[in-house]
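Visitor: Supplied in structure tokens, the structure appears directly below.
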Amino acid sequence: MEATEILKMNKQRWEVSAERFFGRTALPEYGPFAFNEEQLKLFGSIKGNKVLDIGCGSGHSLQYMGREGAKELWGLDMCTKQIETARKLLHDQQVEVTLIESPMEENPGLPSNYFDMVYSIYALGWTTNLSLTFANIYSYLKPGGVLIFSWEHPLHDRLKYEEEQSTFIFNKSYVNEGPEYNEGWQNLAVIHHRKLSTYINALIDAGFMIEKVIDDVYLPEEHSENPSRWYSTQKANLVPATFIIKASKK
């Protein structure tokens with residue numbers, strides 16, 4: 001399937017499903033069973049910084065950035081409904097807000113060497129072209145600027161719970177990469193499976209310096225007792241649900 005077809009399919013699916021994700025997995029949270037920003041402190045001081053959210057969704061991470069004192073709030077998302085929701089959520093911000101509807105693989109005219117911080121919370125893995133997306137982000141950042149992103153750990157959906165055997169099994173290859181119909185989206189969306197090393201090496205190839213790679217698991221006291229859920233405590237005890245990477249522009 002061509003990248004343009006995948007983008008069209010995924011956009012259609014997001015327009016239908018966006019409301020289900022409003023306000024979910026947004027800063028200070030990085031993702032399921034992951035430590036949050038208040039624990040990790042990856043951004044440091046946000047005050048006075050110009051920030052760009054890749055896959056900004058409903059705008060809740062940008063709202064967090066605004067509360068933390070960001071100077072300018074920029075967001076990019078391919079979903080019309082998400083951009084409209086973010087615009088409503090952020091209407092009362094006291095700083096400039098710029099929201100742009102565009103896939104992350106394209107540069108819709110964002111300024112070069114401009115942003116102090118670019119981040120993406122559980123969105124960057126939707127890209128159909130990882131190298132191009134990282135090249136775009138690298139161009140947006142000032143020298144010394146920081147990229148922080150989180151995404152579902154590529155081991156997570158390789159493991160499936162078999163109720164008849166009451167156990168988890170690996171039912172997909174970790175090493176074979178490429179676009180796949182995603183089971184978590186009822187096979188109505190296509191997401192590229194990529195090894196963790198692929199993300200790291202693509203960052204290096206784009207010119208980034210890797211500062212931190214985190215796939216530690218945080219298990220809250222209250223947790224799911226249903227191992228067949230997409231994100232379950234039982235699975236999180238075996239493989240991470242989320243990974244986080246911090247990199248900087250040289």
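The values are calculated or read from the model by the stated rules, or taken from the named source; none is laboratory data. From a predicted model like this one, the values you see are computed outputs, not experimental measurements. Note: ideal-geometry Cβ built from the backbone for every residue, glycine included; neighbour counts use all protein chains shown. Areas reflect the complete protein model, heavy atoms only, side chains present, ligands, DNA and RNA absent. Shrake-Rupley method; radii C 1.70, N 1.55, O 1.52, S 1.80 Å.
Visitor: Quickly run through segment 130-167 and pick out the residues that are closer than 22 Å to residue 36 by Cβ and assigned to a loop (DSSP other than H, G, I, E, B).
Guide: 153, 154, 155
This table checks each residue for (1) at pLDDT 95 or above; (2) touching a helix residue (DSSP H, G or I) at 6+ places or on another chain (Cβ under 8 Å); (3) open to solvent by less than 10 Å² (accessible area, probe 1.4 Å).
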position: 33; (1), (2), (3): yes, yes, no
position: 41; (1), (2), (3): yes, no, no
position: 55; (1), (2), (3): yes, yes, no
position: 81; (1), (2), (3): no, yes, no
position: 87; (1), (2), (3): yes, no, no
position: 109; (1), (2), (3): yes, no, no
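Visitor: Here are some conditions: (1) more than 18 Å from residue 121 (Cα to Cα); (2) open to solvent by 60 Å² or more (accessible area, probe 1.4 Å); (3) modelled with pLDDT of 95 or more. Residue 190 meets all but one. Which one does it not meet?
Guide: (2)
Visitor: Tell me, yes or no, whether segment 213-229 has at least one residue that is within 16 Å of residue 148 (Cβ to Cβ) and more than 16 Å from the chain's Cα centre (by Cα).
Guide: Scanning segment 213-229, I find at least one residue that is within 16 Å of residue 148 (Cβ to Cβ) and more than 16 Å from the chain's Cα centre (by Cα), so the answer is yes.
Visitor: Taking only pairs six or more apart or across chains, which ones have beta-carbon atoms under 6 Å, a first residue in segment 86-110 that is at negative phi and of a type in the set (A, V, I, L, M), and a second residue that is assigned to a strand (DSSP E or B) and open to solvent by 40 Å² or more (accessible area, probe 1.4 Å)?
Guide: Final answer for the pair search is 90/97.
Visitor: So which of 195, 212 is surrounded by 14 or more Cβ atoms within 10 Å (Cβ to Cβ) and modelled with pLDDT of 95 or more?
Guide: On inspection, the qualifying residue turns out to be 195.
Visitor: Does segment 158-168 include one or more residues that are open to solvent by less than 10 Å² (accessible area, probe 1.4 Å) and under 16 Å from the mean Cα position of the chain (by Cα)?
Guide: Taking every residue of segment 158-168 in turn, none turns out to be open to solvent by less than 10 Å² (accessible area, probe 1.4 Å) and under 16 Å from the mean Cα position of the chain (by Cα).
Visitor: Hey, another quick one. Please verify whether segment 6-21 includes one or more residues that are touching a residue at least 24 places away in the same chain (Cβ under 8 Å) and basic (Lys, Arg).
Guide: yes
Visitor: Sticking with this structure for a sec: Kindly evaluate residue 178 against the criterion of being within 21 Å of residue 9 (Cβ to Cβ) and either out of contact with any Leu (no Cβ under 8 Å at 6 or more places or on another chain) or at pLDDT 95 or above (or both).
Guide: Criteria met by residue 178.
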